[in-house]
Amino acid sequence: MDVTALLLSRIQFAFTITFHIIFPSFTIGLAAWLTVLEALRLATGRPVYRVLFDFWLKIFGVAFGMGVVSGIVMAFQFGTNWSVLSKMSGPIQGPLLMYETFTAFMLEATFFGVLIFGRSRVPPWFYLFSTAMVALGTTFSAFWIMVNNSWMQVPVGYVTENGAFVPDNWIKIIFNFVVWVRFPHMLLASYLTGAFCVAATGAWYVLRRDYHAESQVMLRMGLGLAAVLIPIQLFFGHLCGEYVNTYQPSKMAAIEARWNDEKPASEVLIGWPDVENRRNLYAITLPPPFGSLIDSDSLTAGETGLNSIPRENWPPVLIPFFGFRIMVGCGVVMLGLAWLGSYLSLKHRLERNRFLLWLTFLSFPLPFIAIVTGWFTAEVGRQPWVVYGVLRTADAMTPFLTTRAATISLVIFCAVYAFIFSFGTFYVYRLIRTGPVGKLFESGRIAVPNRPLSLAEIPMVQHSHVGAGE
Amino acid sequence: MIMFWVSLLAVSILLYVLLDGVDLGVGMLFGLVNGDSKRDAIQGSVAPIWDGNETWLVVSAVILWGAFPVVYATLLSAFYLPLIVMLLGLILRGVAFEFRHKTQRMRWIWNASFAGGSLVASFMQGLTVGALVEGLPVANGQYAGGDFGWLTPFAVLCGVGLCVGYGLLGACWLVMKCDGEVRDVAHRQIPVLAVGLLVFLVVVFIHALAERLPIMDRWIERPYLFAFPAIGAIAAIALGASIRRHNDRWPFYMVALIFVTAFGTLALSFWPYMIPFVITVDDAAAPHSSLAFMSWGGFVVFPLMLLYTIVSYSVFKGKSSATMPANRIANFERSEP
């Protein structure tokens, strides 16, 4: 494959958005978790909730910061690299992303500041309100992003005028079926991410025999929430499959590695799609009508194969095929862990089951992997279209973008992101390893002047950090 | 409707320049001091508000995209490299707020990233505006300047000028928000930066005359434009007076006023063009159905955003040394295992 500005731009977009999605999916879940903790603390007065709140707020701070800075890039990249797209679909995507910024970002930013610095400056009810507003802001942001992306997946409610997509039905754009299955799917994925990170942390502390009260709360709440949410998530995932099957037959055929039209259809469980020869190698296949049953909830429905779609309209096959399977696999493993763990926890046997605790501890990457591979499936499966069926990715790029400029930008993005990502994850790891430092120890506050965002600081020194300078 | 969105865009950009200009200026001045306690005080003076301030940049970008998609597409793609470098500067500046306090040994990295990121972002913003004032090479409705078409001496001069301007704004902020040595140092920096900014403005003016920049014709057509520099000059005199009296608040207000007048001057000399002499406001406007849908955001949510900004400035009003983190790590007895 030639290295062109188009290829580099696609890699750059994929890289920056993959990097970005990790943080919002984590912080949407964490913001909700923080709100619950703060509400529980106000309601019950149990100090354990305050300790957990302070602990997770530090981690939230790091993840939120990385989400904010990597998110700004997204607001610009449509214009820098994809100027034809942004000109044509600006009348639709522009207002949607404007609503995201207006309803979400300023809300988050303002009340995040209060969360981190304002505990001593505002009354308790306002502090809880601020926590809830941050959670609400992250949810709004996810909503508008899903509306925007769903429009690119299944463009509706527009007419084409002078080479631009002009909206003529906003109700259709915002309230269509596709948005309302994909938005809950993303939101649930974020809650599951939060739940598993919390549960994994709890499992780690139990394994270390540390932070007894906190680890119990984390383990139970995390696994319990996941046990309830995963079945709902699988249901919404299935509904997402329905929209793909209805509106994006080429994506569906790629996900299923289905080459020929079949009626009723079989289902390839796993295999290696050999794109060149249009067949599957080493495939394990369920006979008909399993494919129709899974894709169309029907015993007899016909399913489209790639051979009946013109070759130039095919998406890459391998990424949607494996991406989808990895996502589902992660979901099933998480379901097993959450159900088994919750059951044992109800029976008070989880603490002694070190094997399951280890599995729970090591499970924290699963929701992230599921989210990233799920998005790969959705986005790569939509190719070669950027707006499905109407605008090709290749035609959407800034026409005068040179390979040189695209190389420079991609190289510096990779360098800077790798740099901040390694430090960011290391700091989060160190925070979690150290644990909620205060344990159940509550005491009056000591005013340390001029300590900006030192929330996540590891207390390497016990005196004021002002004196700790080298 | 178009006028409404132009005004909202102008307000957003102006708010960004004023609010995040402070943060970026503070970031650059941060690079000039030594010692953790002073650095903590400087960074702490903007820590609770920088995120909201930076958001006004995103607000400006999405208003531009939604209401004037052609301008969004043309400008952002033309300024490809400067914008991406600016974004990376903002990233390095932004993570430094978080990361500086997670480490002792590696703190120098995040000190450098805070100051360097602020410097790079400021410079690129000034450079972009400078290149826009000078006029973008456009052929057939498309940027035709190549990868480095924006890189001219005038644009570089504007980049340096904006760094000085933001620095002045930042110094005035520090005087207002900090105590002790930080305040004293900033008090000494203000006159130097103010003179620097004055020199820059004079050089720009002379350059614009000498090069006969087309934008200067607007001034002859519209003599009322001189009201803005006149107000700016009065603000500059008041700034001088307040510096001499060692006032903590007035320098900031006066420098902010100078920024407002400079912004107004620039905006009105562009009018009715959004990209000078290429695309007018009316050419660029999105279809009516888009603007009508956006108006809910403009009339209802935009005032809310202003309210949030006011809330955050009022929660954190007064000298920032009184700000402390929400939880109190220093008194925890457990040390790192």
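Scanning segment A:46-60 for residues that are within 14 Å of chain B (Cβ to nearest Cβ) and not hydrophobic (A, V, I, L, M, F, W, C) yields A:Pro47, A:Tyr49, A:Arg50, A:Asp54, A:Lys58.
Would you call B:Val22 of a type in the set (A, V, I, L, M, F, W, C), buried (at least 19 other Cβ atoms within 10 Å of the Cβ) and at pLDDT 90 or above? Spell out how you get there, then give the answer.
Working: of a type in the set (A, V, I, L, M, F, W, C): yes; buried (at least 19 other Cβ atoms within 10 Å of the Cβ): yes; at pLDDT 90 or above: yes.
Yes: the conditions hold for B:Val22.
On the given criteria, is B:Gly117 more than 10 Å from chain A (Cβ to nearest Cβ), among the small types (Gly, Ala, Ser) and touching a helix residue (DSSP H, G or I) at 6+ places or on another chain (Cβ under 7 Å)? Spell out the reasoning first.
Working: more than 10 Å from chain A (Cβ to nearest Cβ): no; among the small types (Gly, Ala, Ser): yes; touching a helix residue (DSSP H, G or I) at 6+ places or on another chain (Cβ under 7 Å): yes.
No, not satisfied.
Condition check ((1) crowded, with 23+ Cβ neighbours inside 10 Å; (2) farther than 23 Å from B:Asp51 by Cα; (3) under 14 Å from the mean Cα position of the chain (by Cα); (4) at pLDDT below 95) across all residues:
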| position | (1), (2), (3), (4) |
| --- | --- |
| A:Ile116 | yes, no, no, yes |
| A:Arg121 | no, no, no, yes |
| A:Val134 | yes, no, no, yes |
| A:Val159 | no, yes, no, yes |
| A:Ala164 | no, yes, no, yes |
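Elements of the type helices (runs of 4 or more DSSP H) sitting completely within segment A:344-424 and holding at least 2 residues that are closer than 30 Å to B:Ala144 by Cβ: these cover A:393-396. When A:Ala109 is tested against the conditions (1) at the interface with chain B (Cβ under 9 Å from one of its Cβ atoms); (2) without any contact (Cβ under 8 Å) to a residue 24 or more places away in the chain, the lone failure is (2). Checked against (1) in contact (Cβ under 8 Å) with a residue 40 or more places away in the chain; (2) in contact with a Phe, Trp or Tyr (Cβ under 8 Å, 6 or more places away or on another chain); (3) among the polar types (S, T, N, Q); (4) surrounded by 15 or more Cβ atoms within 10 Å (Cβ to Cβ), A:Asn307 meets all criteria but (4).
Which residues, counting only those in segment A:148-204, are in contact with an Asp or Glu (Cβ under 7 Å, 6 or more places away or on another chain) and either of a type in the set (Lys, Arg) or in a strand (DSSP E or B) (or both)? Show your work before the answer.
Of all residues in segment A:148-204, those in contact with an Asp or Glu (Cβ under 7 Å, 6 or more places away or on another chain) come to A:157-159.
Passing the criteria: A:Tyr158, A:Val159.
A:Leu335 satisfies every condition listed in (1) farther than 16 Å from A:Arg220 by Cα; (2) under 28 Å from the mean Cα position of the chain (by Cα) except (1). In a residue-by-residue description of segment A:38-45, the property of being within 23 Å of A:Ala418 (Cβ to Cβ) and within 12 Å of another protein chain (Cβ to nearest Cβ) applies to no position.
Contact map, segment B:152-174: residues that are over 27 Å from B:Pro137 (Cα atoms) paired with residues that are small (Gly, Ala, Ser) and not in a helix (DSSP H, G or I), Cβ distance under 7 Å, separation 6+ or inter-chain. Pairs shown: B:Trp173/B:Ser45; B:Leu174/B:Ser45.
Only helices (runs of 4 or more DSSP H) wholly contained in segment B:25-125 count here; list those with 1 or more residues that are polar (S, T, N, Q) and surrounded by 24 or more Cβ atoms within 10 Å (Cβ to Cβ).
Values: elements: B:36-44, B:50-67, B:69-78, B:80-99.
Per the criteria, B:36-44, B:50-67, B:69-78.
For A:Phe421, are the conditions met, namely being facing another protein chain (nearest Cβ under 9 Å), out of contact with any Lys or Arg (no Cβ under 6 Å at 6 or more places or on another chain) and aromatic (Phe, Trp, Tyr)? Give the steps one after another, and end with the answer.
Details: facing another protein chain (nearest Cβ under 9 Å): no; out of contact with any Lys or Arg (no Cβ under 6 Å at 6 or more places or on another chain): yes; aromatic (Phe, Trp, Tyr): yes.
Here the answer is no, as A:Phe421 does not meet what is asked.
Counting the residues of segment A:17-54 that are outside any helix (DSSP H, G or I) and within 17 Å of A:Pro365 (Cβ to Cβ) gives 0.
Yes or no, residue by residue, for (1) modelled with pLDDT of 90 or more; (2) surrounded by fewer than 16 Cβ atoms within 10 Å (Cβ to Cβ); (3) among the acidic types (Asp, Glu):
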{"residue": "A:Cys240", "(1), (2), (3)": "yes, no, no"}
{"residue": "A:Tyr247", "(1), (2), (3)": "yes, no, no"}
{"residue": "A:Lys251", "(1), (2), (3)": "yes, no, no"}
{"residue": "A:Trp259", "(1), (2), (3)": "yes, no, no"}
{"residue": "A:Lys263", "(1), (2), (3)": "no, yes, no"}
{"residue": "A:Glu267", "(1), (2), (3)": "no, no, yes"}
{"residue": "A:Ile270", "(1), (2), (3)": "yes, yes, no"}
{"residue": "A:Pro273", "(1), (2), (3)": "yes, no, no"}
{"residue": "A:Glu276", "(1), (2), (3)": "no, yes, yes"}
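The values are calculated or read from the model by the stated rules, or taken from the named source; none is laboratory data. Given the structure is predicted, the values throughout are model-derived calculations rather than measurements. All Cβ positions, even for glycine, are placed from backbone atoms using ideal geometry, and neighbour counts span all protein chains on display.
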